[in-house]
Amino acid sequence: MDDAKHLDRLKRLQFRAWHRGTREADYMIGCYFDRFHKEWGESELAWFEALIDEEDVDILGWALGTLSVPDEYAGPLMDRMKLLDYVEIPR
């Protein structure tokens, strides 16, 4: 993928991560993207793209441990999301 397409993809993902519909989801998903996306390769970006197509209530439930994580999202990226130490809430 050329650099311009890659940057457009990242901008789209960041926008979608930060415009979820609730402040809680914005912070959890947006901060997660901002903190880790620079470390991701193609498979991690594809995982995140699929994840953000899911409902916020499901994503938050998986990250908070109140819902079982589906097999397609289970693994190190979801394990990292569950730590929640990346969430920065402005005061």
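The values are calculated or read from the model by the stated rules, or taken from the named source; none is laboratory data. Note that this is a predicted model, so its numbers are computed, not measured. Counting neighbours? That spans all protein chains shown, and the Cβs are built from the backbone with ideal geometry, glycine included.
Picking from residues in segment 58-91 that are of a type in the set (Val, Ile, Thr) and loosely packed, with under 13 Cβ neighbours inside 10 Å, the one that is nearest to residue 2 (Cα to Cα) is 89. Scanning segment 60-86 for residues that are assigned to a loop (DSSP other than H, G, I, E, B) and of a type in the set (A, V, I, L, M, F, W, C) yields a count of 4. Can you pull out every residue in segment 11-41 that is over 20 Å from residue 79 (Cβ atoms), modelled with pLDDT of 95 or more and more than 12 Å from the chain's Cα centre (by Cα)? Correct list: 11, 12. Return yes or no: is residue 48 within 10 Å of the chain's Cα centre (by Cα) and more than 21 Å from residue 21 (Cα to Cα)? Here the answer is no, as residue 48 does not meet what is asked. Selection of segment 20-44 for residues being aromatic (Phe, Trp, Tyr) and in contact (Cβ under 8 Å) with a residue 12 or more places away in the chain yields 27, 32, 33, 36.
With the structure loaded, tell me whether residue 55 is within 20 Å of residue 15 (Cα to Cα) and either of a type in the set (S, T, N, Q) or exposed (fewer than 11 other Cβ atoms within 10 Å of the Cβ) (or both) or whether it fails that test.
When the stated conditions are applied, residue 55 does not pass them.
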